[in-house]
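Comments concern the structure below.
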Amino acid sequence: TSIQGPLVDDESLIEVLNVTKITSEEVKHKLVTAAETELKINTAREEFRPVATRGSILYFLIVEMSYVNVMYQTSIRQFLALFDDSMEKSDKSPITSKRISNIIDYLTYEVWKYQVRGLYEEHKFLYTLLLTLKICLQSNRIKPNEFMTFIKGGAALDLKAVAPKPKSNWISDMTWLNLVELSKIPQFSEILTQVARNEKLWKQWYDSDAPEEGNIPDGYQNSLDVFKRTLLVRSWCPDRTLAQARKFVVDALGQRFADGVILDFHTMWGESDTKTPLICFLSMGSDPTAQIDTLAKKLKVDCKPVSMGQGQEIHARRLLTQSMSQGGWVLLQNCHLGLNFMDELLQTITEPAGPVHETFRLWITTEGHPQFPINLLQIGLKYTNEPPQGVKAGVKRTYNGVTQDQLDITNMPQWKPMLYTVAILHTVVQERRKFGPLGWNIPYEFNQADLTASIQFLQNHLDDMDPRHGVNWSTVQYMIGEVQYGGRVTDDMDKRLLKTFCKVWFREEMFAPGFQFFTPTGNNSDAGKPYTIPQCKTVQQYLDFIEKLPPVDSPEVFGLHPNANITYQSKSARDILDTILNIQPK
């Protein structure tokens, strides 16, 4: 201040002090408001913590899957894109708890679909089961000791150091050790004495075709939840573990997680862009070239294939440069044979020299290889084109590729039933492979081309048929059983089996109302009822009928004895549980 004398006479100073006082009050008020706002934000953020928790479970499980197969690589950027999508696209709700539930449901299903699409068929249920177990562990629905009992059973126990086994021969040593381990869980603390005291009823339950469906003795029928029941079935019947585990998945996450994901090339193409390659993991009979060509023709895009190998880099480089500038698709096949080119390929699509045409897409097929670049896998959309497991999933996949125009292409009444029968045959010949030498002496590479050729033959045959004479069944049986599918078969007994399928299914009786694809043996006389030929007019009606097929098939559907399933299911369960155990943190 420049005033000489008392400060109270300095009006400008007093004004400044007043302004300072008012500003101080405003700042104090804003600090209080900011603290309140921060508290509200923190409260709101904490409300959404379950979403973050579910996200962390999903992401770290995806990371764990890379220990199962080195090709299962997903970047954090890809996951965060799915996470942000779920926040954006899930149903909105003014009620916070409902909104959180919507986000979690949407996120879980979308991430599951995304991940399952890129897994080999043998690992799809492994991933689904592990996801269900981890979610239930986080919510305390399952205790850690119950989880370890499920994946390990009594493998770590010594038969000489546990309670003596009953003298009956029907209980194996491994089963008894499993029961000893199970008895450490409070709900099963009395099971060893109960089995010894009530052997007859337990043996009756154990000997049934599907113990997981039967009444469990000693009051366990109504006292166990689905997971505890799964623990009991796993301890007694390894071959029925996966059937019961599917019920556990349905109970915990819903039916849609137990159904297969049908690969849709058009949807996958819609998710991609010029910098996102579409990578197919190859296996026997799963080459996607035909489906990619079909989609390219549908979208009126030029698709140029190159089969990689020694010296093919020059052609691949030329086609990439041309398609990136002028548009179109490039399909690089068998890239595991051209690993030296992969790093250059990654740089070419991520750091293009000039502008890239918007229609450019890069399709890659490769077998699993430990030296395949992880960076390329982490920017791509991964998928497998294997036939899905089960009659329901297999026939559903076939009819997802059938258009209404194709269904109405001829007015012959024989066309639709014969088309459905070919779809069943195609699924059955592929499904028999999983039974090993019991299914086929040699595992043949039946694929989509066999189905397409058979459908085209049937269409041509009906177009040329004289309605007065009807279908020439010997021609149909010969062409399908010995040419289209039979052309791959080299073993005499396998050829005889395939001809028998065609002889039994492709005949005049297939048009009768009571026709069934198999006649069940034993007490379950209704088992064959779902496996009939539906009388439908539209593709959607067929899909609705297929949706009602059993999710798990009896081996009799494939022409095998019910006991054929025991070895296959036991091995599948053992492989899944061993894999889960191996990827657990040490």
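Here are the numbers:
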item	result
Taking the convex hull of Cα positions in the stretch 74-142, its mean projected area over all directions (nm²)	5.4
Within the accessible area of the stretch 203-354 (1.4 Å probe), percent carbon and sulfur	47
Between the stretch 7-46 and the stretch 165-180, the Cα center-to-center distance that results, in Å	77
Rounded to the nearest 10 Å², the accessible area of ASP464 at probe 1.4 Å	130
Sequence-distant residues sharing a close amide H with LYS382 (under 5 Å, placed H)	ILE279
Filtered trypsin sites (Lys or Arg not before Pro), the stretch 247-352: DSSP coil and at most 12 other beta carbons within 10 Å	LYS300
Per residue convex hull volume, Cα atoms of the stretch 257-407, in Å³	128
Carbon plus sulfur fraction of accessible area for the stretch 54-112, probe 1.4 Å, in percent	56
Hydrodynamic radius (Kirkwood) for the stretch 395-440, which is based on Cα pairs only, to one decimal in Å	12.0
Residue-normalised accessible area of the stretch 194-259, given per residue in Å² at a 1.4 Å probe	44
³J(HN,Hα), Karplus 6.51/-1.76/1.60, whole Hz, each residue of the stretch 233-243, x for Gly, Pro	5, 4, 6, 8, 10, x, 6, 9, 4, 5, 4
For the stretch 217-232, Karplus couplings with θ = phi - 60° (6.51, -1.76, 1.60), whole Hz, Gly/Pro x	x, 6, x, 6, 4, 9, 9, 9, 7, 5, 6, 4, 5, 4, 4, 5
For the stretch 380-392, 3J(HN,Hα) per residue [Karplus equation, 6.51 cos²θ - 1.76 cosθ + 1.60, θ = phi - 60°, Hz, x = Gly/Pro]	x, 8, 8, 7, 10, 10, 6, x, x, 7, x, 5, 4
Normalised alpha carbon radius of gyration of the chain [divisor 2.2 N^0.38 Å]	1.26
Built amide H within the under 5 Å cut-off of LYS304, gap 5+	TRP329, VAL330, LEU331
The stretch 420-578 - Rg (one decimal) and Dmax (whole number), Cα, Å	16.8, 61
Accessible heavy-atom area order of TYR109, TYR478, TYR399, highest first, probe of 1.4 Å	TYR478, TYR109, TYR399
The stretch 396-511: Rg to Rh, with Rh as the Kirkwood radius over Cα pairs	0.97
Surface per residue (accessible, 1.4 Å probe) for the stretch 443-581, Å²	54
Relative contact order computed over the stretch 88-207 (Cα-Cα under 8 Å; 6+ residues apart), in percent	14
Debye, to nearest 20: dipole size of the chain, +1 on Lys, Arg Cβ, -1 on Asp, Glu Cβ	1440
Within the stretch 37-85, GluC sites (Glu not before Pro) in DSSP loop having at most 12 other beta-carbon neighbours inside 10 Å	none
Solvent accessible area, Å² - SER189, 1.4 Å probe, full protein context	70
Inter-centroid distance (Cα atoms) of the stretch 318-344 relative to the stretch 422-481, Å	36
Listed residue pairs exceeding 20 Å between alpha carbons, taken from LYS297/LYS537; LYS228/LYS529; LYS167/LYS571; LYS134/LYS586	LYS297/LYS537; LYS228/LYS529; LYS167/LYS571
The stretch 345-461, dipole about Cα centre (Lys/Arg Cβ +1, Asp/Glu Cβ -1), debye to the nearest 20	420
Residue-normalised accessible area of the stretch 35-149, expressed per residue, 1.4 Å probe, Å²	50
Mean separation of Cα contacts under 8 Å, 6 or more apart, over the residue count of the chain: relative contact order %	14
Farthest toward positive dipole pole in the chain [+1 Lys/Arg, -1 Asp/Glu at C-beta], among VAL395, ILE455, PHE515	PHE515
Percent RCO, i.e. relative contact order, over the stretch 344-501, from Cα pairs under 8 Å lying at least 6 residues apart	18
Alpha-carbon centroid distance for the pair the stretch 363-413 / the stretch 100-131, whole angstrom	18
Positive-pole candidate from THR33, GLN378, LEU263, dipole of the chain, charges at beta carbon	LEU263
Eligible lysines near LYS40 by straight Cα distance, threshold 29 Å, same-chain separation 8 or greater	LYS21, LYS28, LYS30, LYS89, LYS92, LYS98
Under 5 Å, built H, 5+ apart or other chain: amide partners of PHE360	GLY328
22 Å tail of the calculated P(r), the stretch 157-248, as % of Cα pairs	20
The stretch 411-510: trypsin sites (Lys or Arg not before Pro) in DSSP loop, at most 11 other beta carbons within 10 Å	ARG468
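The values are calculated or read from the model by the stated rules, or taken from the named source; none is laboratory data. Everything quoted here is computed from the prediction, not taken from an experiment. Note that we place each Cβ from the backbone using ideal geometry, even for glycine, and neighbour counts take in every protein chain shown. The accessibility values were calculated without ligands, DNA or RNA, using every heavy atom of the protein model including side chains. Shrake-Rupley method; radii C 1.70, N 1.55, O 1.52, S 1.80 Å.
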